[in-house]
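Chemist: Quick one: this structure, given as structure tokens, is what I'll be asking you about.
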Amino acid sequence: MGHSPKSVLLLTGTHRSNTSFLAKTFQDAGLHIGHNLIPEDSYNFEWYLEDEDFVQRHMYFIKKYELKSMYSIIDYKKCRSLLVDQIDTTRAQELIQQRHSVYDLFGWKDPRTCHFLIFWVKIIPNLKCVFIIRDPHAAVNSTLKQHIERSKIKYHPDLWYRYHRFWQVCNQQILDFYKALQIKAF
């Protein structure tokens, strides 16, 4: 029997788009979804299923490369032209190699990944992707509800705009990635 190639499955979509539910489904089917999973809390009392190593890498990129713009929304144009330096690229490659040293097939789920799809596909040429696109009103309303519960503030129309715009940016990045690479995605 031949050796099977090492593969990575990436699960992403905008926040509050049921990415955790889909990740749980893949995990229950046997996919290794992470070493150091973010624990559940009062806002997601079942599971986030986000690997802390990937989440921290993405948060680091957002801060280091100054990718946030007005309303703390990720700057779409900056993401499209993002050039990650060699040190950060090497660290990301080491993270993938570390996972592959243990698993032939693994995956991760992080909504922030949609901002770094081009970066990851350069590091993982055989990357497989599952994109989750939830109805914008359902995703935005869920995000608003969570934000209001966390911060104990009243609803404000600017929040609706902010989260709707965030939904647009995330899903536009996924669509552009799909069109540019004509990858097989579902």
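Chemist: For residue 184, work out the one condition from (1) surrounded by 15 or more Cβ atoms within 10 Å (Cβ to Cβ); (2) modelled with pLDDT under 75 it doesn't fulfil.
Modeler: Going through the list (1) surrounded by 15 or more Cβ atoms within 10 Å (Cβ to Cβ); (2) modelled with pLDDT under 75, residue 184 breaks only (1).
Chemist: What pairs can you find where one residue is in segment 76-102 and without any contact (Cβ under 8 Å) to a residue 12 or more places away in the chain, the other is part of a helix (DSSP H, G or I) and surrounded by 15 or more Cβ atoms within 10 Å (Cβ to Cβ), and their Cβ atoms are less than 7 Å apart, with a gap of 6+ or different chains?
Modeler: That search, which allows pairs on different chains as well, returns nothing.
Every residue, every condition in (1) touching a helix residue (DSSP H, G or I) at 6+ places or on another chain (Cβ under 9 Å); (2) among the small types (Gly, Ala, Ser), yes or no:
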position	(1), (2)
74	yes, no
95	yes, no
101	no, yes
106	yes, no
113	yes, no
122	yes, no
125	no, no
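Chemist: Kindly check whether there is at least one residue in segment 55-67 that is surrounded by fewer than 18 Cβ atoms within 10 Å (Cβ to Cβ), assigned to a loop (DSSP other than H, G, I, E, B), hydrophobic (A, V, I, L, M, F, W, C) and modelled with pLDDT under 85.
Modeler: No: zero hits.
Chemist: For segment 80-92, indicate whether the set of residues that are modelled with pLDDT under 90, assigned to a helix (DSSP H, G or I) and more than 22 Å from residue 140 (Cα to Cα) is non-empty.
Modeler: Scanning segment 80-92 turns up at least one residue that is modelled with pLDDT under 90, assigned to a helix (DSSP H, G or I) and more than 22 Å from residue 140 (Cα to Cα).
Chemist: Picking from 33, 133, which residue would you name as being under 27 Å from residue 167 (Cα atoms), surrounded by fewer than 17 Cβ atoms within 10 Å (Cβ to Cβ) and of a type in the set (A, V, I, L, M)?
Modeler: On the way: 33 fails: surrounded by fewer than 17 Cβ atoms within 10 Å (Cβ to Cβ).
Going through 33, 133 in turn, just one is under 27 Å from residue 167 (Cα atoms), surrounded by fewer than 17 Cβ atoms within 10 Å (Cβ to Cβ) and of a type in the set (A, V, I, L, M): 133.
Chemist: When the residues of segment 139-181 are filtered to those that are among the acidic types (Asp, Glu) and in contact with a helix residue (DSSP H, G or I) (Cβ under 8 Å, 6 or more places away or on another chain), which remaining residue is modelled with the lowest pLDDT?
Modeler: Going through segment 139-181, the residues among the acidic types (Asp, Glu) turn out to be 149, 158, 176.
From what is left, the residues that are in contact with a helix residue (DSSP H, G or I) (Cβ under 8 Å, 6 or more places away or on another chain) are 158, 176.
Values: 158: 77, 176: 88.
For segment 139-181, the residue satisfying everything is 158.
The values are calculated or read from the model by the stated rules, or taken from the named source; none is laboratory data. Bear in mind that the values here come from a model prediction, so they are computed numbers and not experimental data. Heads up, the Cβs are rebuilt from the backbone with ideal geometry, glycines too, and the neighbour counts pull from every protein chain shown.
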